[in-house]
Amino acid sequence: MLFLPLSGMLLKAFQVGPSDFWEIATSPEAVATYKISFGLALIASLINGVFGLVIAWALIRCRFPGQRLLDTMIDLPFALPTAVAGLALTAVYSEEGWLGKPILQLFGLKVAFTSLGVAVAMVFISLPFVVRTVEPVLRSLEKEQEEASWCLGASQTQTFFRVILPQLLPAILSGVAQGYSRAVGEYGSVVMISSNVPFKDLITPTLIVQKLEEYDIPAATVIGAVMLLFSLVSLLVINRIQIWGQRYQGAEAA
């Protein structure tokens, strides 16, 4: 179920030969989609790293009206079909949308059908990874450590950056890495809010679909193999971060 399809795709991709594989994988159109997919996914994951921490902190350390509703809605991108998410984002951020129109009038920025819209979609679908990864670690932190820091004369800012943040950093990095991998491979929501124009905002998964529609199976499998190899590298990085986080937490406990 898992290895046979992936192995079949890799074998199909490598049948084109090393020179043709490299030529297809590094074609100007493919490289442009790599830059958009990987670059915007990195920006989106870094944004989520900051605001995901803020949201997790608010859910764990604060009490406010609508808290349970917010906590429930954090998981909405997991349950919502990606095409529906893309349709909703397009309606909200279009030139006549609730947010798209004031952003265009105030800042002159067009969101939908631009690379900015692609970044917004990536932020939307990958935000829960950071929040849900940070929450259990933040909940397990001992309040006594913060109180000891305050008793030693540290301010709240110093306590956060020197006591709390180092313990949360492995979880933040793990959530960012997971969100990054999810954003790179996203298709359904991005294809709805993007204009899908090459060298403008065309992402790699959409390019693969276009190659299939053109019956260019070798090109589609080669680009798909590049994405597969990237996914494997991302999983290795995530696993290393998680192992490092467990060792760090174990050392702190000792």
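The values are calculated or read from the model by the stated rules, or taken from the named source; none is laboratory data. Please read all numbers here as calculations on a predicted model, not as lab measurements. All Cβ positions, glycine included, derive from the backbone under ideal geometry; neighbour counts span all protein chains shown. To get the accessible areas, we keep the full protein, side chains included, count just its heavy atoms, and leave off ligands, DNA and RNA. Shrake-Rupley method; radii C 1.70, N 1.55, O 1.52, S 1.80 Å.
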Taking only the alpha carbons of the range 1-73, the radius of gyration and the largest Cα-Cα distance, Dmax, both in angstrom, are 21.3, 61
With +1 at each Lys and Arg Cβ and -1 at each Asp and Glu Cβ, the charge dipole magnitude of the range 68-145 around its Cα centre, to the nearest 20 debye, comes out at 100 debye
Nearest 10, in degrees from 0 to 90: the angle of helix 28-61 to the longest Cα principal axis of the chain is 20 degrees
Long-range share for the chain, i.e. C-alpha pairs more than 35 Å apart as a percent of all pairs, stands at 27 percent
HN-Hα couplings for the range 160-167 via Karplus (6.51, -1.76, 1.60; θ = phi - 60°), in whole Hz with x for Gly/Pro, come out as 5, 6, 9, 10, 7, 4, x, 6
As straight-line cross-link partners of LYS200, the qualifying aspartates and glutamates (C-alpha separation under 13 Å, not fewer than 8 residues apart within one chain) are GLU29
Counting only protein heavy atoms with a 1.4 Å probe and every protein chain in place, the carbon and sulfur fraction of the accessible surface of the range 1-160 in whole percent equals 70 percent
For the range 116-164, inverting the pair-averaged 1/r of distinct alpha-carbon atoms gives a Kirkwood value in Å of 13.0 Å
The range 40-125: relative contact order from alpha carbon pairs under 8 Å, six or more residues apart, as a whole percent, is 34 percent
The range 117-158 accessible area per residue, 1.4 Å probe, protein heavy atoms, integer Å², reads 49 Å²
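Of LYS12/LYS35; LYS35/LYS101; LYS12/LYS211, which ones are farther than 18 Å apart at the Cα?
Where the Cα-Cα span goes over 18 Å, the pairs concerned are LYS12/LYS35; LYS35/LYS101.
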In whole angstrom, largest first, the equivalent ellipsoid semi-axes that the Cα gyration tensor gives for the range 13-133 are 33, 21, 13
Result for the range 1-87: accessible area per residue, probe 1.4 angstrom, in square angstrom, of 64 Å²
